[in-house]
Amino acid sequence: MSKSIFQIERAKYFPKMPKALAGTVKIVEGGKTESVADQQEIGRLFPCTYGMPIITFEAGGENIKYPGLNVGVILSGGQAPGGHNVISGLFDGLKKLNPANKLFGFLGGPIGLVDHKYIELTSEIVEEYRNTGGFDIIGSGRTKLEKPAQFDKGVEICKRLAIKALVVIGGDDSNTNACVLAEYYSQKETGIQVIGCPKTIDGDLKNEMIEASFGFDTACKVYSELIGNIMRDANSAKKYWHFIKLMGRSASHIGLECALQSQPNVCIISEEVEEKKQTLEQIVHEIADIVARRSQNGETFGVALIPEGLIEFIPEMKILIAELNDMLAEGQESAETFQNLATNAEKRDFVIDNLTFDSSTLYASLPSGIARQLTLDRDPHGNVQVSRIETEKLLIEMVEKRLAGLIKSGIRVKFSSQNHFFGYEGRCASPSNFDSDYCYSLGFVASLLIANGKTGYIASVRNTTAPAIEWIPGGVPITMMMNMELRNGEMKPVIQKALVDLNGTPFKTFAEKREEWAIKTSFVYPGPIQYWGPATVCDAPTKTLQLEKLK
């Protein structure tokens with residue numbers, strides 16, 4: 001592998017770790033736990049892994065000689081900075097427990113377990129990937145592990161390789177699958193443990209015990225640098241409004257964090273839109289009002305941050321999308337009729353004629369390009385693919401239309417726009433010091449959970465606003481984070497997503513400042529991630545995490 005000078009120097013970085021993991025480690029178990037909701041149903045579905053205690057690892061204890069064991073690791077879902085360091089920490093932790101331990105990586109995500117595609121992760125391989133972004137060490141994938149036939153194929157390869165434990169590195173859905181897998185293997189008495197690690201740049205896998213999902217810190221710093229660059233350009237040229245869509249379908253954590261870092265004129269928080277039951281028209285009017293007020297002050301430029309999943313949080317749009325999903329569902333006569341129509345105009349008219357009155361009116365008001373995007377191919381679950389909807393362009397077109405009406409009424413407004421989508425730019429960046437340290441510790445903790453015979457746990461590192469030496473390592477039963485939700489027409493156990501807390505300090509801090517930021521140019525230019533320098537610059541966690549942990 002060819003390496004840049006940066007990569008060569010970055011490979012020399014050794015992640016900082018909690019003091020508790022430095023020498024001998026003892027395990028401390030808390031009391032019995034229960035799920036965040038639906039306790040009876042979750043308990044019934046997970047009789048072997050429900051109610052287990054929270055675990056904390058502390059310094060001290062006996063110097064135990066652990067028997068050799070083999071472990072498998074899976075990268076699941078979208079990429080997030082720091083995944084390679086989880087594997088590095090897991091590898092080093094296993095070797096510290098017993099140099100004879102082996103680590104096998106399943107290729108291409110969960111499908112590698114099912115199809116028996118793997119490599120042994122040797123020291124030579126792991127050394128190449130320390131402190132690097134991406135998931136290319138073994139690749140990732142989105143195959144769901146949810147069927148007994150898949151689980152049994154996993155047992156086959158684990159028995160063949162003498163694997164005693166699997167580590168699943170993924171988001172809420174992947175760790176839900178890990179919990180199901182752990183329960184199945186426990187009930188079948190296979191002797192195979194399953195441990196999870198919390199990953200997702202969206203930031204929606206967190207709770208009191210999981211303070212952050214890894215990759216969120218790095219991704220937000222990358223996006224904030226790009227936003228700051230655009231802000232500097234906007235403030236220099238003084239002629240464009242930049243509408244920037246940011247990743248985050250199910251939650252607006254990325255948008256909120258980037259707003260706290262860069263102070264844009266507009267930042268929409270999807271969860272607030274849903275709570276206030278705002279219409280698309282109301283959102284457009286609010287943005288247009290800010291544009292007009294700034295223009296009248298001579299500020300004919302600005303920056304607006306738009307969450308990727310906004311469309312699904314607007315109540316009227318949610319109803320429209322549900323109706324479209326039903327109308328265009330595979331096997332429906334209406335779907336076949338729609339597909340056989342020759343032109344986009346005919347398809348648009350067909351949709352308008354077959355929706356309820358309110359949805360038909362809303363659909364007809366949408367720009368033709370956006371309306372067409374809402375009827376494109378569905379995902380495997382039959383739902384609209386929200387990431388394909390160019391929400392930033394939708395808002396630009398509708399704001400332009402609104403401003404045109406103001407101009408006709410005699411209000412002078414100047415508005416020129418640019419649109420952007422920041423997504424993949426942040427998923428494989430070189431991890432920040434925080435993510436490098438955090439991920440390495442998560443992997444190391446996973447090795448200790450395995451050594452102590454645990455299954456159905458997710459690795460946890462807490463107290464993360466303190467220096468890394470003071471972090472608190474441990475494990476959390478995955479069932480503790482679960483509830484029942486409707487998925488594909490069935491109630492299923494899943495990890496509860498963490499949405500932006502509108503009563504939390506991060507959102508309240510943003511809400512107190514946004515009116516000032518809207519009219520006054522208050523841009524902050526965060527700059528690139530710093531890997532070398534003072535800890536106050538290089539090791540600082542996200543502003544969201546700092547605000548959440550304020551005493």
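Are any of the residues in segment 483-503 within 25 Å of residue 443 (Cα to Cα) and among the basic types (Lys, Arg)? Yes, segment 483-503 has at least one match. Every residue in segment 468-479 that is touching a helix residue (DSSP H, G or I) at 6+ places or on another chain (Cβ under 9 Å) and surrounded by 16 or more Cβ atoms within 10 Å (Cβ to Cβ), please. 468, 471, 472, 473, 474, 475, 477, 478, 479 - these are the residues of segment 468-479 that are touching a helix residue (DSSP H, G or I) at 6+ places or on another chain (Cβ under 9 Å) and surrounded by 16 or more Cβ atoms within 10 Å (Cβ to Cβ).
So for segment 7-18 (the condition being touching a Cys at 6+ places or on another chain (Cβ under 9 Å) and either crowded, with 23+ Cβ neighbours inside 10 Å or not assigned by TED's automatic domain parsing to the domain that holds residue 192 (or both)), does at least one residue qualify? The answer is yes; a qualifying residue exists. Here segment 11-41 is the region considered, the condition is being aliphatic (A, V, I, L, M) and over 25 Å from residue 463 (Cβ atoms), and the residue that is nearest to the chain's Cα centre (by Cα) is 37. Please tell me if residue 251 is assigned to a helix (DSSP H, G or I) and in the same structural domain as residue 404 (by TED's automatic domain parsing). Taking the combined requirement at face value, the residue does not satisfy it.
Residue 304 fulfils the conditions (1) in contact with a Phe, Trp or Tyr (Cβ under 7 Å, 6 or more places away or on another chain); (2) surrounded by 22 or more Cβ atoms within 10 Å (Cβ to Cβ); (3) without any contact (Cβ under 8 Å) to a residue 60 or more places away in the chain except for a single criterion, (3). The one condition from (1) of a type outside the set (A, V, I, L, M); (2) buried (at least 24 other Cβ atoms within 10 Å of the Cβ); (3) more than 24 Å from residue 16 (Cβ to Cβ) that residue 147 does not meet is (2). Can you find a residue that is aliphatic (A, V, I, L, M), within 30 Å of residue 241 (Cβ to Cβ) and in contact (Cβ under 8 Å) with a residue 60 or more places away in the chain anywhere in segment 318-327? Scanning segment 318-327, I find at least one residue that is aliphatic (A, V, I, L, M), within 30 Å of residue 241 (Cβ to Cβ) and in contact (Cβ under 8 Å) with a residue 60 or more places away in the chain, so the answer is yes.
One line per residue, one yes/no per condition, for (1) surrounded by 13 or more Cβ atoms within 10 Å (Cβ to Cβ); (2) assigned to a loop (DSSP other than H, G, I, E, B); (3) among the basic types (Lys, Arg):
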| position | (1), (2), (3) |
| --- | --- |
| 292 | yes, no, no |
| 319 | yes, no, no |
| 331 | no, yes, no |
| 336 | no, no, no |
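Of the residues making up segment 473-491, those that are outside any helix (DSSP H, G or I) and modelled with pLDDT of 95 or more are 473, 474, 475, 476, 477, 482, 483, 484.
Conditions (1) touching a helix residue (DSSP H, G or I) at 6+ places or on another chain (Cβ under 8 Å); (2) modelled with pLDDT under 95, marked per residue:
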residue	(1), (2)
271	yes, no
294	yes, no
311	yes, yes
322	no, yes
331	no, yes
338	yes, yes
343	no, yes
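Whether any residue in segment 258-270 is assigned by TED's automatic domain parsing to the domain that holds residue 318, in a helix (DSSP H, G or I), under 30 Å from residue 412 (Cα atoms) and in contact with a Cys (Cβ under 9 Å, 6 or more places away or on another chain) is what I want to check. Within segment 258-270 (the criterion being assigned by TED's automatic domain parsing to the domain that holds residue 318, in a helix (DSSP H, G or I), under 30 Å from residue 412 (Cα atoms) and in contact with a Cys (Cβ under 9 Å, 6 or more places away or on another chain)), the answer is yes, since at least one residue qualifies. Only one of the numbered conditions (1) within 25 Å of residue 251 (Cβ to Cβ); (2) in a helix (DSSP H, G or I) is violated by residue 306, and that is (2). Among the residues of segment 339-346, is there at least one that is buried (at least 18 other Cβ atoms within 10 Å of the Cβ), in the same structural domain as residue 239 (by TED's automatic domain parsing) and out of contact with any Lys or Arg (no Cβ under 6 Å at 6 or more places or on another chain)? No: segment 339-346 contains no residue that is buried (at least 18 other Cβ atoms within 10 Å of the Cβ), in the same structural domain as residue 239 (by TED's automatic domain parsing) and out of contact with any Lys or Arg (no Cβ under 6 Å at 6 or more places or on another chain). Determine which member of the set 130, 44, 142 is under 25 Å from the mean Cα position of the chain (by Cα) and surrounded by fewer than 19 Cβ atoms within 10 Å (Cβ to Cβ). Result of the check over 130, 44, 142: 142.
Checked across segment 201-215, the condition of being in contact with a Cys (Cβ under 9 Å, 6 or more places away or on another chain), among the aromatic types (Phe, Trp, Tyr) and at pLDDT 95 or above holds for at least one residue. The set of residues in segment 389-421 that are within 19 Å of residue 365 (Cα to Cα) and either loosely packed, with under 15 Cβ neighbours inside 10 Å or among the charged types (D, E, K, R) (or both) comprises 390, 392, 393, 397, 400, 401, 402, 404, 405.
With the condition kept exactly as written, say whether any residue in segment 186-194 is over 13 Å from the mean Cα position of the chain (by Cα), at positive phi and at pLDDT 95 or above. Scanning segment 186-194, I find at least one residue that is over 13 Å from the mean Cα position of the chain (by Cα), at positive phi and at pLDDT 95 or above, so the answer is yes. Criterion applied to 77, 51, 108 was being without any contact (Cβ under 8 Å) to a residue 40 or more places away in the chain, at positive phi, of a type outside the set (S, T, N, Q) and surrounded by 14 or more Cβ atoms within 10 Å (Cβ to Cβ), and the one residue passing it is 108. Restricting the search to helices (runs of 4 or more DSSP H) fully inside segment 499-551 and requiring at least 1 residues that are surrounded by 15 or more Cβ atoms within 10 Å (Cβ to Cβ), in contact (Cβ under 8 Å) with a residue 40 or more places away in the chain and not assigned by TED's automatic domain parsing to the domain that holds residue 81 gives 505-519, 543-548. Taking segment 356-428 and the helices (runs of 4 or more DSSP H) fully enclosed by it, the elements with 1 or more residues that are assigned by TED's automatic domain parsing to the domain that holds residue 309 and farther than 30 Å from residue 140 by Cα are at 357-365, 368-373, 391-408.
The values are calculated or read from the model by the stated rules, or taken from the named source; none is laboratory data. Just so it is clear, the structure is predicted and the values come from calculations on it, not from any experiment. No Cβ is skipped: glycine too gets one built from the backbone with ideal geometry, and neighbour counts run over all protein chains shown.
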